[in-house]
Every structure is written in structure tokens, then in C-alpha cells.
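The values are calculated or read from the model by the stated rules, or taken from the named source; none is laboratory data. Nothing here was measured: the structure is a model prediction, and the numbers come from that model. All Cβ positions, glycine included, derive from the backbone under ideal geometry; neighbour counts span all protein chains shown. Remember, those area values only see protein heavy atoms, side chains included, never the ligands or the DNA or RNA. Shrake-Rupley method; radii C 1.70, N 1.55, O 1.52, S 1.80 Å.
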Amino acid sequence: MKFVVFLRAVNVGGANRCRPALIAQQLSKFDVINIGAVGTFVVRKDVSESTLRTAFARKLPFKCEIMICPARDITTLISKNPFSRQPSGPDITRFASVLHKRLAAPPPLPLSLPSDDEWLLKIIAIQDRFVLGIYRRQMEAISYLGKIEKLLGVPITTRNWNTMEKVVNVLNEP
């Protein structure tokens, strides 16, 4: 099965430094493609999730959460176009957070932080292990991304929606 691997809290603020391109090269036997600098990888060879988890953990010089999703889950997520009815523009960023595990009881949605009237971050949907939302391009908004994890009680890692689209493009390459 093909997978997408997301490393949590890698190369952020000078902590947990690694070289994702080098990791992809070292794991080339699994046809690993690096997407960006924060630990997003497409694995195009059929391999078990446990083998993949062990291989990535061995390449990291620190411990971190490794979220592994079947590639078809990402493809399905993108195909649903979940942001079609959401505001867009240069001051809005669309994102997807990957949950370490599915939530037993998701909160009522949409969820706007700090408030419905003056939101900086809005969670619009939770689909399987993905939290989908938008935030305003303001420094204050970034702090609310960290609050999502505390609110949901599960480790998460967040990626820009553009990164998720790049993942699907790589998966669709011959």
C-alpha cells in the first residue's frame, strides 16, 4: 500500500532539525519523495505501515510523532474540495491537520477561535483523521493552531492545503 508520512514538529523554530531530502534519499528503496522542509513524504512502493514507521524512526536523530496515512485517504480528501464554500483570498490560508488517531467525540463544528464574530482560525470539518480549516494571515492566528491540539486532546501536525495538493500530484505521477 502507498502511504503519506507526516512528521510532527520538525524543523520548526530551530528545534528537531533534520534534512527531509536526505531522509527521502536514504529511504529510496521505498520510493520516498520529500515534499518541502517540514517532514512530509510520499511513499510510492507497497510497504507495511510498521516497516515504514520503523524505517523513518531510525533516520531521525530525535523522537517525534510519525503520522502515517494511506495515500488513498489523502486523494479522497482532496477530491471532495472541502473549501469550496469557504472564504478565500491572499489573507486566508487553508490548512489540514493530521490527527495521530481518530477522535472518539469530535467537537461541534464549525469552531471559530477566538470567537465566531472575530475569528482568526476556523475549523470547518473533521474527516477521519483530518482537521480542515482556514486562518487569517496574522501573527496572532498562528498561536491558535497550537490550541487545536489541546482542544482535541490528540497530537496533530498541520500542513498548508497547497502541500496536500502537491502530495496528490506526486501520487498521480507515473
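I need every pair where a residue in region 109-131 that is farther than 18 Å from residue 67 by Cβ has its Cβ under 6 Å from the Cβ of a residue that is part of a strand (DSSP E or B) and basic (Lys, Arg), sequence separation at least 6 or different chains.
Matching pairs, first to second residue: 110/122; 112/122; 120/136.
Return the residue satisfying two criteria in turn: it lies in region 138-152 and is small (Gly, Ala, Ser) and farther than 17 Å from residue 98 by Cβ, and of such residues it is least open to solvent (accessible area, probe 1.4 Å). Even if it seems obvious, please write down each step before you answer.
If we filter region 138-152 for residues that are small (Gly, Ala, Ser), which is where we start, we get 141, 143, 146.
Those still in the list that are farther than 17 Å from residue 98 by Cβ too: 141, 143.
Working: 141: 0, 143: 64 Å².
Checked region 138-152; the qualifying residue least open to solvent (accessible area, probe 1.4 Å) is 141.
Can you work out which of the residues in region 32-64 that are small (Gly, Ala, Ser) and part of a loop (DSSP other than H, G, I, E, B) is nearest to residue 160 (Cα to Cα)?
Going residue by residue through region 32-64, those that are small (Gly, Ala, Ser) are 36-37, 39, 48, 50, 55, 57.
Those still in the list that are part of a loop (DSSP other than H, G, I, E, B) too: 36-37, 39, 48.
On the way: 36: 11, 37: 12, 39: 13, 48: 27 Å.
Among those residues, the one meeting the criterion is 36.
Condition first: assigned to a loop (DSSP other than H, G, I, E, B) and open to solvent by less than 70 Å² (accessible area, probe 1.4 Å). Now tell me which residues in region 65-116 satisfy that.
Across region 65-116, the qualifying residues are 65, 82, 83, 86, 87, 89, 103, 107, 109, 115.
When you check residue 90 against the structure, is it closer than 30 Å to residue 141 by Cα, touching a Lys or Arg at 6+ places or on another chain (Cβ under 8 Å), without any contact (Cβ under 8 Å) to a residue 60 or more places away in the chain and not basic (Lys, Arg), yes or no? Walk me through how you get there before you give the answer.
On the way: closer than 30 Å to residue 141 by Cα: yes; touching a Lys or Arg at 6+ places or on another chain (Cβ under 8 Å): yes; without any contact (Cβ under 8 Å) to a residue 60 or more places away in the chain: yes; not basic (Lys, Arg): yes.
Spelling it out, residue 90 is indeed closer than 30 Å to residue 141 by Cα, touching a Lys or Arg at 6+ places or on another chain (Cβ under 8 Å), without any contact (Cβ under 8 Å) to a residue 60 or more places away in the chain and not basic (Lys, Arg).
Considering each of 93, 40, 76 in turn, give the residue that is touching a Phe, Trp or Tyr at 6+ places or on another chain (Cβ under 7 Å), under 18 Å from residue 168 (Cβ atoms) and among the polar types (S, T, N, Q).
Numbers: 93 fails: under 18 Å from residue 168 (Cβ atoms); 76 fails: touching a Phe, Trp or Tyr at 6+ places or on another chain (Cβ under 7 Å).
Every option except 40 fails the conditions.
Since residue 146 meets every condition but one in (1) within 25 Å of residue 66 (Cβ to Cβ); (2) of a type outside the set (A, V, I, L, M); (3) part of a loop (DSSP other than H, G, I, E, B), which condition does it not meet?
With respect to (1) within 25 Å of residue 66 (Cβ to Cβ); (2) of a type outside the set (A, V, I, L, M); (3) part of a loop (DSSP other than H, G, I, E, B), residue 146 is out only on (3).
Out of the residues in region 1-44 that are more than 19 Å from the chain's Cα centre (by Cα) and at pLDDT 95 or above, state the one that is least open to solvent (accessible area, probe 1.4 Å).
So the residue we want is 27.
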